[in-house]
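Q: Right, I'll just put the structure down here and ask away after.
Each reported figure results from applying straightforward, stated rules to the coordinates on display, with no laboratory input. Just so you know, these numbers come straight off a predicted model, no measurement behind them. All Cβ positions, even for glycine, are placed from backbone atoms using ideal geometry, and neighbour counts span all protein chains on display.
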Amino acid sequence: MRIWAVELPYREPFRTALGVSHVAENLVIEVETDFGPVGLGECAPLPRVTGETREAALKALTAIGKKLIGACPLRIEAIRELTARLAPGCPAARAAIDMALFDILGQVARRPLYRVLGGYRDSVQTDITSLRGAEEMAEDALKAVEAGFRAIKLKVGTGVDEDVERVRAVREAVGPDVELRVDANQAWSVQEAVRAVRELGRLDVAFVEQPVPAGDLEGLAEVRRESPVPIMADEAVRSPSDALRAVEMGAVDLINIKLMKCGGISEALR
């Protein structure tokens with residue numbers, strides 16, 4: 001297995017309630033087999049969410065790579081269990097390994113991976129993300145719609161009144177037919193979140209994502225009970241067991257499943 005460090009500067013700073021990022025510091029891996037296929041994987045740690053740094057991921061990948069010598073790359077579940085034991089605190093590193101193994105599986109099957117996984121759509125709707133002042137976000141939203149986007153994710157979290165004003169400005173700019181998704185990235189208290197979701201319900205938002213701190217599932221459940229719009233968990237759900245607990249507590253309508261947060265395609269499927 002070979003590992004490369006890459007730095008990918010953003011065209012514009014990426015702002016959320018958790019902080020500002022100017023560059024993606026990732027790792028790319030290449031897993032060779034003795035029967036031909038070579039699998040590629042990418043590790044994009046989320047230190048503000050999982051605590052995993054690029055340095056920790058590199059250390060984990062180096063250790064895992066040594067253990068994979070001689071292993072069958074098609075035994076994906078067995079390798080998933082191995083990486084979970086070796087690097088429990090490095091989900092992005094595990095995701096890179098998992099991604100490379102699925103790449104190899106697709107090559108062996110001679111099918112694109114989405115077909116191997118049972119997918120049937122040839123396109124998906126994506127969104128564009130923004131966190132700036134109300135007027136700037138409205139301008140950004142209009143440009144996004146003109147570029148063909150029909151869904152916009154609005155990052156908020158600087159204060160409920162200001163946050164609602166941002167969403168209102170965007171809604172007025174783009175009209176009623178564009179889907180607006182709101183992500184607070186844990187910024188609000190339970191009381192603030194309840195007030196915010198009631199206001200946002202009047203603006204026809206599709207959902208509100210992670211309105212309260214990740215560790216407060218009881219608070220998230222309270223917000224959901226009071227909310228006129230669906231509630232999505234992100235930072236609060238990092239594993240299948242987290243997902244089950246959130247559902248059992250009635251804390252979520254939706255879950256944002258990120259490969260770098262949960263540990264890869266295998267964990268996402270679980």
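Q: What's the ranking of 223-229, 11-17 by average number of surrounding C-beta atoms within 10 Å, highest first?
A: 223-229, 11-17
Q: Students often check this: by mean Cβ neighbours within 10 Å, which of 116-122, 155-161 ranks highest, and how do the rest follow?
A: Averaged packing, sorted descending, gives the order 155-161, 116-122.
Q: Order the peptides 175-181, 138-144, 201-207 from the highest to the lowest mean number of other Cβ atoms within 10 Å of their residues.
A: Sorting 175-181, 138-144, 201-207 by mean packing, highest first, produces 138-144, 201-207, 175-181.
Q: Taking a virtual spin label 7 Å from the Cα of residue 32 along the C-beta vector, which residues in the stretch 1-26 bring their backbone nitrogen under 11 Å of it?
A: Taking a point 7 Å out along Cα→Cβ of residue 32, the residues of the stretch 1-26 whose backbone N falls under 11 Å are 1-2.
Q: While we're looking at this one, here's another question. Out of all DSSP beta bridges with both ends in the chain, state the antiparallel percent to the nearest 5.
A: Approximately 55 percent, going by the DSSP bridge assignments.
Q: Out of (i) -0.43, -0.78, -1.04; (ii) -0.47, -0.94, -1.24; (iii) -0.36, -0.80, -1.27, which label holds the value of log10 I(q)/I(0) by the Debye sum over Cα atoms at q = 0.09, 0.13, 0.16 Å⁻¹ that was computed here?
A: (ii)
Q: Run the dipole for the chain about the Cα centre, Lys and Arg Cβ at +1, Asp and Glu Cβ at -1, nothing else charged, and hand back the magnitude in debye, nearest 20.
A: 980
Q: Another one. Which distance in nm do the two modelled labels at residue 203 and residue 136 give, with both placed 7 Å along the Cα-to-Cβ direction?
A: Each label point lies 7 Å from its Cα, and together they span 1.7 nm.
Q: Continuing with the same structure: Whole-Hz Karplus ³J(HN,Hα) for the stretch 174-188, in order, using 6.51 cos²θ - 1.76 cosθ + 1.60 and θ = phi - 60°, x for Gly and Pro?
A: Once rounded to whole Hz, the list reads 9, x, x, 9, 9, 6, 10, 10, 10, 10, 8, 6, 6, 6, 9.
Q: Also: Want the number for residue 20 to residue 218: 0.36 nm per residue separation, take away the alpha-carbon distance, what's left?
A: Gain on stretching residue 20 to residue 218: 68.4 nm.
Q: Tell me whether the stretch 169-270 comes out rounded, prolate or oblate; compute the Cα gyration tensor, take square roots of the eigenvalues as a ≥ b ≥ c, and use a/c under 1.5 as the rounded threshold.
A: Oblate is the answer for the stretch 169-270, as a/c is 1.5 or above yet b/c matches or exceeds a/b.
Q: About the Cα centre of the stretch 94-191, what is the dipole size in debye to 20, counting +1 per Lys and Arg Cβ and -1 per Asp and Glu Cβ, all else neutral?
A: Dipole about the Cα centre, nearest 20: 720 debye.
Q: Where in the stretch 112-137 is the amide nitrogen less than 11 Å from a point lying 7 Å along the Cα-to-Cβ axis of residue 162?
A: Taking a point 7 Å out along Cα→Cβ of residue 162, the residues of the stretch 112-137 whose backbone N falls under 11 Å are 132-134.
Q: Given +1 on the Cβ of Lys and Arg, -1 on the Cβ of Asp and Glu, and no further charges, what dipole in debye does the stretch 2-116 carry about its Cα centre, rounded to the nearest 20?
A: Using only the charged Cβ atoms, the result is roughly 220 debye.
Q: Each label point is 7 Å from the Cα along the Cα-to-Cβ direction; what then is the distance between the points at residue 2 and residue 195, in nm?
A: 5.7
Q: To make sure I understand the rule: partners must be lysines, Cα under 24 Å from the Cα of residue 258, and not fewer than 8 residues away in the same chain. Which ones qualify?
A: 59, 153, 155
Q: Between the stretch 45-86 and the stretch 245-260, what is the separation of their alpha carbon centroids in Å?
A: Using only Cα atoms, the two centres lie 24 Å from each other.
Q: Give the residue from 1, 241, 47 lying farthest towards the positive end of the charge dipole for the chain; charges sit on Cβ (+1 for Lys and Arg, -1 for Asp and Glu) and the dipole is referred to the Cα centre.
A: 1
Q: Separate question: When the helices in the chain are scored as -39500 (n - 2.57) per DSSP H run of 4 or longer and the sum is shared across all residues, what 222 nm value do you end up with, to the nearest 500 deg cm²/dmol?
A: It comes out at -13000 deg cm²/dmol, rounded to the nearest 500.
Q: Rounded, prolate or oblate: which fits the stretch 2-116 when a ≥ b ≥ c are the square roots of the eigenvalues of the alpha-carbon gyration tensor, with rounded for a/c under 1.5 and prolate only if a/b beats b/c?
A: Prolate, since a/c reaches 1.5 and a/b exceeds b/c.
Q: Using Cα atoms only, what is the angle between the long axis of helix 217-226 and the major principal axis of the chain, expressed in degrees (0 to 90) to the nearest 10?
A: Roughly 40 degrees between the two axes.
Q: Can you work out the FRET efficiency for the pair residue 107 and residue 85, with r the C-beta to C-beta distance and R0 = 25 Å, to the nearest 0.05?
A: 0.40
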